Amino acid sequence: MKADAPARSKKILIASDFYLPGFKGGGPTSSLAGLVDRLGDEFSFNIVTRDRDFGDPEPYPESRKKTGHTVGKARVFYLPPRELSLRKMRRTLRSLDPDILYLNSFFSRQFTGKFLLLRWIGATGRIPLVIAARGELSPGALAQKSIRKRLYIAVARSLGIYGDVVWQASSPYEEQDIRRIFGARARVAIAPDLSGTTSPDSGARYPEKHAGTLRVMFLAKISPMKNLHGALELLRGTDGKIQFDIYGPVKDAGYWRECSRLISGLPRNIRVKHHGAVPHDQVRQLFVEHDLFLLPTRGENFGHVILESLSAGCPVLISDQTPWRGLEQAGAGWDLPLEDIAAWRAVLANCVAVGPEDYRAFRQTTLAYVARDYDEEDVIAANRALFATLG
């Protein structure tokens with residue numbers, strides 16, 4: 001009797017604006033890298049993406065290989081700007097013949113928009129489709145360029161483009177955002193993002209924190225959504241010797257000019273430096289070297305960078321527009337309403353005043369919170385189930 005043949009791995013085609021070795025794309029790139037790393041032995045992942053990182057004029061060296069380049073547990077197809085066409089997308093779909101199409105954005109015109117159009121006109125068949133909204137349907141995100149976004153949503157709904165889509169929500173909060181737009185009958189699966197770094201770093205060597213000083217960092221794209229301007233305004237009203245390090249690429253040049261003007265008017269007790277984008281393998285050490293991660297974001301569907309900060313033992317001061325809630329009670333930081341400026345400044349003043357012994361204890365409760373409350377196995381299981389039920 002012949003042994004049963006092993007089950008064929010489901011083929012999943014992922015379309016994303018950015019992927020490895022890029023790192024300037026932020027959370028969506030980290031989400032995909034984590035997904036492929038954790039589930040790449042169970043599913044066959046192919047990724048079609050740009051041949052260069054966010055804002056870069058030159059392509060990756062890897063992009064010269066046209067037939068697919070193995071990156072970790074995925075095969076990646078890098079497209080130059082001249083090949084971001086409907087014809088190329090259709091040819092890619094036909095040649096790879098995936099069981100599931102996974103779109104790593106809601107508003108991406110080059111990738112999500114074109115694959116959706118191909119599917120809507122019947123050029124791809126009714127292949128099962130998963131869309132990861134990546135926080136783009138949150139009230140804070142929709143408030144940016146709101147007229148254009150809401151017009152697109154209205155037209156797309158009227159045409160039934162999203163009628164049989166499976167939505168990936170990273171939290172119950174994002175599920176609410178999706179249903180607010182697409183209704184209670186929308187098919188939503190809660191599958192939190194998989195981060196590349198989750199294990200608490202209990203052996204890190206932290207610099208001493210002295211009373212009257214504070215090393216603060218901001219790590220995100222420079223854009224209104226991430227609210228660097230708000231962070232600078234908060235620091236402007238804070239006493240003590242403060243070092244504020246800004247990491248992240250400039251997404252909005254006009255917004256960065258506004259932030260630069262604010263930086264030039266800060267008092268002498270606050271020193272600010274913009275370091276630009278930082279490779280992911282350097283991020284954890286940066287958190288170890290700082291006392292506080294400050295991110296008054298207007299919305300995050302998950303917040304990889306928040307988890308990375310916590311797992312490095314760096315307490316966080318963030319808005320309540322992320323899934324990370326109850327941080328003060330857990331001894332890991334604060335999640336505050338954006339409009340309560342007094343509360344933000346009171347927290348900053350307290351962080352400045354704290355001395356070395358209390359801050360060492362603060363770092364330990366931060367690490368304990370991640371070890372206790374973040375179960376990666378449950379997150380992996382939820383992502384596995386998202387694909388196992390399709391195709």
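Residue check: is PHE182 within 25 Å of the chain's Cα centre (by Cα), of a type in the set (A, V, I, L, M, F, W, C) and within 26 Å of SER63 (Cα to Cα)? It would help to see each step written out before you state the result.
Values: within 25 Å of the chain's Cα centre (by Cα): yes; of a type in the set (A, V, I, L, M, F, W, C): yes; within 26 Å of SER63 (Cα to Cα): no.
Answer is no for this residue.
Contact annotation: residue pairs with Cβ atoms under 9 Å, 6 or more positions apart or on different chains, pairing a residue in the stretch 327-347 that is part of a loop (DSSP other than H, G, I, E, B) with a partner that is loosely packed, with under 15 Cβ neighbours inside 10 Å and of a type in the set (A, V, I, L, M), are GLY331/ALA361; PRO337/ALA343. From the set of residues in the stretch 288-326 that are in a helix (DSSP H, G or I) and not small (Gly, Ala, Ser), which is farthest from the chain's Cα centre (by Cα)? Once the filter is applied, the top-ranked residue is GLU289. In the stretch 147-167, the residues that are touching a residue at least 24 places away in the same chain (Cβ under 8 Å) and within 19 Å of LYS114 (Cβ to Cβ) form Cβ pairs under 9 Å with partners that are of a type in the set (Lys, Arg) and surrounded by fewer than 12 Cβ atoms within 10 Å (Cβ to Cβ), at six or more places apart or across chains, as follows: ASP164/ARG126.
Matching residues to (1) in contact with a Cys (Cβ under 9 Å, 6 or more places away or on another chain); (2) assigned by TED's automatic domain parsing to the domain that holds LEU137; (3) more than 20 Å from LYS209 (Cβ to Cβ):
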site: ALA277; (1), (2), (3): no, no, yes
site: LEU286; (1), (2), (3): yes, no, no
site: SER311; (1), (2), (3): no, no, no
site: VAL316; (1), (2), (3): no, no, no
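From the list GLY276, GLY333, the one residue that fits, being surrounded by fewer than 15 Cβ atoms within 10 Å (Cβ to Cβ) and either at positive phi or touching a Gly at 6+ places or on another chain (Cβ under 7 Å) (or both), is GLY276. Checking LEU151, LEU118 one by one, the residue that is in a helix (DSSP H, G or I) and in contact with a Lys or Arg (Cβ under 6 Å, 6 or more places away or on another chain) is LEU118 and no other. Selection of the stretch 80-95 for residues being surrounded by fewer than 16 Cβ atoms within 10 Å (Cβ to Cβ) and closer than 27 Å to ARG38 by Cβ yields only SER95.
Mind checking which residues of the stretch 248-287 are assigned to a loop (DSSP other than H, G, I, E, B) and either of a type in the set (A, V, I, L, M, F, W, C) or farther than 28 Å from TYR206 by Cα (or both)? Let's see the steps before the verdict.
Filtering the stretch 248-287 down to residues assigned to a loop (DSSP other than H, G, I, E, B) leaves 248-249, 251-252, 265-269, 277-279.
Answer for the stretch 248-287, where residues must be assigned to a loop (DSSP other than H, G, I, E, B) and either of a type in the set (A, V, I, L, M, F, W, C) or farther than 28 Å from TYR206 by Cα (or both): LYS251, ASP252, GLY265, LEU266, ALA277, VAL278.
In the stretch 70-79, the condition of being touching a Pro at 6+ places or on another chain (Cβ under 8 Å) and surrounded by fewer than 14 Cβ atoms within 10 Å (Cβ to Cβ) is met by no residue.
Listed here are the strands (runs of 3 or more DSSP E) enclosed by the stretch 18-109 that have at least 2 residues being of a type outside the set (Val, Ile, Thr), out of contact with any helix residue (DSSP H, G or I) (no Cβ under 6 Å at 6 or more places or on another chain) and in the same structural domain as TRP167 (by TED's automatic domain parsing): 44-50, 74-79, 100-103.
Among the residues of the stretch 362-373, are any touching an Asp or Glu at 6+ places or on another chain (Cβ under 7 Å) and more than 27 Å from ARG38 (Cα to Cα)? Show your work before the answer.
Here is the first cut: in the stretch 362-373, the residues touching an Asp or Glu at 6+ places or on another chain (Cβ under 7 Å) are none.
No, the stretch 362-373 contains no residue that is touching an Asp or Glu at 6+ places or on another chain (Cβ under 7 Å) and more than 27 Å from ARG38 (Cα to Cα).
A single entry from THR112, THR198 fulfils the requirement of being of a type in the set (Ser, Thr, Tyr), modelled with pLDDT of 90 or more and either part of a helix (DSSP H, G or I) or over 24 Å from LEU390 (Cα atoms) (or both): THR112.
The values are calculated or read from the model by the stated rules, or taken from the named source; none is laboratory data. Model, not experiment: these values are computed from the prediction. Neighbour counts are summed over all protein chains in view; Cβ atoms, including those assigned to glycine, are modelled from backbone coordinates with ideal geometry.
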